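I have placed the structure first, in the form of structure tokens, so that the comments after it can refer back to it.
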Amino acid sequence: MTKQRDAVLDAMRGIGIVLMVAGHSGFAGTDFIYLFHMALFFMLSGYFFRPARDLPGLGHFCLRRVVTLWLPFVAANTVFTVCNNLFLKLHILTDDPRILDLPGNQVTGPVTLKEIVGRTVHWCVFDGGTQLGGALWFIQALFQISILYALVEFVLRKGLHLQDTLTAQGFVSGVLLLLGWHWSCTGWNVWGLGIAASGYSLFYLGTLAHRMGQPARNPVVRALTAVQALGVLLAMLHFGSVGLAANQYPHWLFLLLASAEGWVLVYEVSHLAMLLPPLGRALAALGRATMPIVILHFLSFKLVTWVGLQLTGGEAYLLAAFPTLFTGGAWWLAYTVAGLALPLLVYQPYRLVKDAILAKGRG
């Protein structure tokens, strides 16, 4: 029997993915979004974590993470590399040095078959990534964190014979958080291990949230709780923001507080969204399609940039501007809509085929 999905938790993912795309689109509130939006995904993963009971169970867990996280990371970056020369012809990437006049952009040259193979080997060990696959740093970090957490959990339960590992895991997560903060201060982040060290504590917070359960509250209390969390986050903006992609944050306590308040805000808003069924269903649907959105939203932004260039008469090489070219006004909204809608359109055929296969298997 298929386990019933929790629509509220799916909606939390949906809100998180909307915030991620909006944060990359040039939205004016990006610093606020960055306080908690990626931490939310680490915490949600921790919320769903279930310890392995034996060695085969641990192997199954790790294999599942290879299929659901490592494989999409490698496959997406490899496909983007294979398409590199096509993207150059379409101006999605460019070798025009004038692109360097735009902050954060890079010149891209053609690749050979040998280079494609060589780069794929690098992707297999999380050594770098492609520009269009820039958001996949999160997939890499989640893979590293979830595997490490599962291994530590197994050792605590089977090696040390602990019945309740919450305190021990809390100690491990604290040590890794201090190490991650130290690496944040020094700028060390080889293979994304600085991010993984910092993110381990967020995964742990998710397991704590699961232990606490889902408290029953009336809508008024939920709204007030959400407002309280929003107020704390807005106040924290005066002290800095969070850039988990580069393992940057002002202080380890700042990271924990911002992540916890972000969880509360999104959790309560998700419950309130369920009071409006169309909104709740839409957010839950987005939450079930996070992987294709993570992979394809940067590429989807190119459609908006192309339309803008047609309207303004800009030169073709500007299509390669990353992640966006046009700012101000409602451009961020157009980028956000494209970054959500186009991956969903691509994902739909796959989802329908997958559902049909699963239904046939159950029959």
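How long is the gain from residue 352 to residue 316 if the chain were fully straight, where each residue apart is worth 0.36 nm and the alpha carbon distance is subtracted? Write out the running numbers ahead of the final one.
Details: separation 36, 0.36 × 36 = 12.96 nm, distance 3.64 nm.
Taking 0.36 nm per residue and subtracting the Cα distance, the gain is 9.3 nm.
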| field | Which of 331, 99, 19, positive extreme of dipole for the chain (C-beta unit charges) | value | 19
| What shape does the range 199-289 take by its C-alpha gyration tensor, where a ≥ b ≥ c are the square roots of the eigenvalues and a/c under 1.5 counts as rounded, a/b above b/c as prolate, and the rest as oblate? | prolate
| query | So how much slack lies between residue 71 and residue 186, counting 0.36 nm per residue of separation and subtracting their Cα-Cα distance, in nm? | reply | 38.3 nm
| said: Ranking request for peptides 326-332, 178-184, 21-27: highest mean number of other beta-carbon atoms within 10 Å first, then the rest in descending order. | reply: 21-27, 178-184, 326-332
| message | For a quick check: with amide H placed at 1.01 Å from N, whose amide H comes under 5 Å from residue 243's, ignoring anything fewer than 5 positions away on the same chain? | response | 248, 249
| field | Full-extension gain in nm, residue 223 to residue 246, via 0.36 nm per residue minus C-alpha separation | value | 5.0 nm
| GNM flexibility winner over the chain from 131, 214, 140 (Cα, springs under 10 Å) | 214
| Alpha-carbon centroids, the range 51-90 and the range 292-319: separation in whole Å | 26
| remark: Restricted to pairs 8 or more residues apart or on different chains, the lysines in the chain with C-alpha atoms under 21 Å apart form a number of pairs equal to 4
| query | Per-residue ellipticity at 222 nm for the chain, helices alone: DSSP H runs ≥ 4 residues times -39500 (n - 2.57), over residue total, nearest 500 deg cm²/dmol? | reply | -22000 deg cm²/dmol
| request: Name the most mobile residue of 75, 229, 260, meaning the one with the largest mean-square fluctuation, in a Gaussian network model of the chain with Cα contacts below 10 Å. | output: 75
| query | Between residue 235 and residue 341, what FRET efficiency comes out of the Förster formula 1/(1 + (r/R0)^6) with R0 = 35 Å and r the beta carbon distance, rounded to 0.05? | reply | 0.55
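Values quoted throughout were computed directly from the atomic coordinates according to the rules given, and no laboratory measurement underlies them. Source: prediction; values computed, not measured. Using ideal geometry, Cβ is built from the backbone for each residue, glycine included, and neighbour counts are taken over all protein chains shown.
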